[in-house]
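**Student:** What follows is a single structure, and I will ask about it in a moment.
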Amino acid sequence: MKNLISDIPEILLMGPGPSCVYPSVSQALSAPTLGHLDPDFIRIMDGIKNMLQLLLKTQNRLTIPISGTGSAGMETAFVNSIEPGDPVLIIINGVFGTRMQDVAQRLGGAVDVLDFEWGVPVVVEAVKRAIQKKHYNIIAVVHAETSTGVCNPVEDIGMLLKGSDALYLVDAVTSVGGIPVNMDPWCIDILYTGTQKCLSCPPGLSPVSFSEKAVATLMNRKTKVPNWYLDLTMILNYWEGQTRAYHHTAPVNMLYGLYESLRLILEEGPENVYRRHLENHLKLVDGLEGLGLSLLVQLDSRLPMLNSVKVPAGVDEARVRRRLREEFNIEIGAGLGPLAGKIWRIGLMGHTARIENVDRVLDALKIVLEK
Ligand SMILES: *Cc1c(COP(=O)(O)O)cnc(C)c1O
């Protein structure tokens, strides 16, 4: 039988995720598999928790990776914090906000939505008015909207909620590792991220963190968490304490990969990593404008790791992506929902955010757009 794996080409991943994997992360993935209760593995788990706390700027004890991609983190965030009938406010300006709404509604939350146009940031004043009008148990927003390239004012919303008894829930899947995410200073109670965006691991894990306030809400639930696999009250017994009770078999090798990626980011220094993202983003934007292209998002709310580029009139956007992949081994992303056909999404996430990659995609786009 033909071995499809040995034929996999090296593709430069410049889409909305997954991103290019650090070579030493790939190596870590293939280290010998340990038992999930092995003392050497438990030391690796403790290392992951500590490094996540450092990167997220949080003291939260409940800071652990969930088995599953970013959406499993989203599900974990809501399934552990909502009970049927709880009033929840979801702030939406892109695909991932609408996914939060779907998840919260399936769990029986009494969901109100605060909608904003896709491609522009959330307006803090409007959030202020909404939370003055009605009390919510949970207020949820996406930090880096990967579907549009917009950075939402997560810190400012956190300052509005400071001292309130509501839980502030933030999707930080694309932001963590690319721009600062300061969980405790920004008063975030529940946060989740994913490994295949700016952490530059393969997809498969979703780090989450719950504040003491969020843990208290979880422990005082009237109803059981309605999902066995993602029930943090049980998963905690594996990640904490002396007993380390088996819940489900941890994806051991994936966790080696996450350990190595966090180690690399902390070694480079988070501030240096954020600067590398910003500088390469500015160079990319410069080059794109030199090709006569323009960005969807206004200057002051652009994400460095996700660049939404308007497709010029008369250009077949799918053909451009196909040619980049076939002739240049570069993947970029298409638009989603109302932006399908209107934008390309060029990612500069994690290990992908390097000047040689910026140059390579600009050179290729120049050739492809010429004809
Ligand atoms: C990618 C992404 C998700 C979903 O993560 P998956 O790994 O695809 O499940 C959620 N939120 C945002 C903002 C994302 O970019």
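Throughout, read-outs are computed from the coordinates displayed, never taken from laboratory work. On a predicted model such as this, the values are computed, not experimentally measured, just so you know. Positions of Cβ are generated from backbone atoms using ideal geometry, with glycine treated the same way; all protein chains shown enter the neighbour counts.
**Student:** I'd like the distance between the alpha-carbon centres of segment 302-341 and segment 117-150, rounded to an integer number of Å.
**Tutor:** Rounded to whole Å, the Cα centres lie 27 Å apart.
**Student:** Shifting gears a bit: Each residue of segment 306-318 in turn: what ³J(HN,Hα) in whole Hz from Karplus with 6.51, -1.76, 1.60 and θ = phi - 60°, glycine and Pro shown as x?
**Tutor:** Once θ is set to phi - 60°, the couplings for segment 306-318 become 9, 10, 8, 10, 5, 6, x, 4, x, 9, 7, 5, 5 Hz.
**Student:** Continuing with the same structure: What order do you get for 225-232, 263-270, 172-179 when each peptide is scored by the mean count of other beta carbon atoms within 10 Å, highest first?
**Tutor:** In decreasing order of mean packing, 225-232, 263-270, 172-179 become 172-179, 225-232, 263-270.
**Student:** Another one. How do K197, K310, K366 rank when sorted from fewest to most other Cβ atoms within 10 Å of their own Cβ?
**Tutor:** Going from sparsest to densest Cβ surroundings: K366, K310, K197.
**Student:** Neighbouring Cβ atoms within 10 Å as the yardstick, rank C201, C20 fewest first.
**Tutor:** In order of increasing Cβ crowding within 10 Å: C20, C201.
**Student:** Over segment 278-371, what relative contact order in percent results from Cα pairs under 8 Å that are six or more residues apart?
**Tutor:** Reported relative contact order: 33 percent.
**Student:** Between beta-carbons, use under 15 Å as the cut-off and find the net charge around R106, counting Lys and Arg +1, Asp and Glu -1.
**Tutor:** Working: positive: R99; negative: E75, E83, D86, D102.
Local charge sum for R106: -3.
**Student:** Rounded to the nearest 500, what is the chain's calculated 222 nm mean residue ellipticity when only DSSP H runs of at least 4 contribute -39500 (n - 2.57) each, over all residues?
**Tutor:** Helix-only estimate at 222 nm: -12500 deg cm²/dmol.
**Student:** Which length gain, in nm to one decimal place, applies between A126 and M219 when the Cα-Cα distance is subtracted from 0.36 nm times their residue separation?
**Tutor:** Gain on extension, A126 to M219, equals 30.3 nm.
**Student:** Using the number of other C-beta atoms within 10 angstrom as an exposure proxy, rank R321, R302 with the fewest first. Mind showing how you got there, number by number?
**Tutor:** On the way: R321 18, R302 21.
Ordered from fewest to most neighbouring Cβ atoms within 10 Å, R321, R302 come out as R321, R302.
**Student:** Using a Gaussian network model of the chain with C-alpha springs under 10 Å, which one of P207, P39, P180 is most mobile by mean-square fluctuation?
**Tutor:** Comparing P207, P39, P180 in a Gaussian network model of the chain, the most mobile one is P39.
**Student:** Also, quick follow-up: With θ taken as phi - 60° and the coefficients 6.51, -1.76 and 1.60, list the Karplus ³J(HN,Hα) couplings across segment 160-173 in order, rounded to whole Hz; mark glycine and proline as x.
**Tutor:** 4, 8, 3, x, 7, 8, 6, 8, 9, 10, 10, 7, 10, 4
**Student:** Give me the net charge for the shell around I355: Cβ to Cβ below 10 angstrom, other residues only, Lys and Arg +1, Asp and Glu -1.
**Tutor:** +1
**Student:** Just order 233-241, 56-64 by mean Cβ neighbour count inside 10 Å, highest at the front, would you?
**Tutor:** Details: 233-241: 16.4, 56-64: 19.9.
Peptide ranking by packing, descending: 56-64, 233-241.
**Student:** Using θ = phi - 60° and the Karplus relation 6.51 cos²θ - 1.76 cosθ + 1.60, list the HN-Hα couplings for segment 282-297 in order, rounded to whole Hz, with x at every Gly or Pro.
**Tutor:** 5, 5, 5, 4, 3, x, 5, 5, x, 8, x, 9, 9, 8, 6, 9
**Student:** Got a sec? Which residues in segment 86-121 would a label at Q298 touch, if it sits 7 Å along Cα→Cβ and we count backbone N under 19 Å?
**Tutor:** 92-94, 115-121
**Student:** Moving on to the next point. Determine which lysines satisfy two conditions relative to K310: a Cα distance under 26 Å, and not lying fewer than 8 residues away in the same chain.
**Tutor:** K197, K283, K342, K366, K371
**Student:** Out of all DSSP beta bridges with both ends in segment 24-266, state the antiparallel percent to the nearest 5.
**Tutor:** Around 40 percent antiparallel, to the nearest 5.
**Student:** Also, quick follow-up: Add +1 for every Lys or Arg and -1 for every Asp or Glu among the other residues with Cβ under 11 Å from the Cβ of P304, and state the total.
**Tutor:** Numbers: positive: R275, R276, K283, R302; negative: E279.
Overall, the nearby charge balance is +3.
**Student:** Taking amide hydrogens as modeled 1.01 Å from N in the peptide plane, which residues meet the under 5 Å criterion relative to N307, leaving out close sequence neighbours?
**Tutor:** I346, G347, L348
**Student:** Given Cβ point charges of +1 (Lys, Arg) and -1 (Asp, Glu) and nothing else, what value in debye, to the nearest 20, does the dipole of segment 24-266 about its Cα centre take? Write out the running numbers ahead of the final one.
**Tutor:** Numbers: 18 positive and 22 negative charges, 56 e Å.
With Lys and Arg at +1 and Asp and Glu at -1, about 260 debye.
**Student:** If contacts are Cα pairs under 8 angstrom and at least 6 residues apart, what is the relative contact order of segment 28-180 in percent? Intermediate results must be reported in sequence, preceding the final value.
**Tutor:** Numbers: 198 pairs, mean separation 29.6, N = 153.
Once normalised by length, the contact order is 19 percent.
**Student:** Tell me, how many Å apart are the Cα centres for segment 256-275 and for segment 1-59?
**Tutor:** 12 Å
**Student:** To continue, here is another question. How high is the relative contact order of the chain, given as a whole-number percent (alpha carbon pairs under 8 Å, six or more residues apart)?
**Tutor:** Relative contact order comes out at 25 percent.
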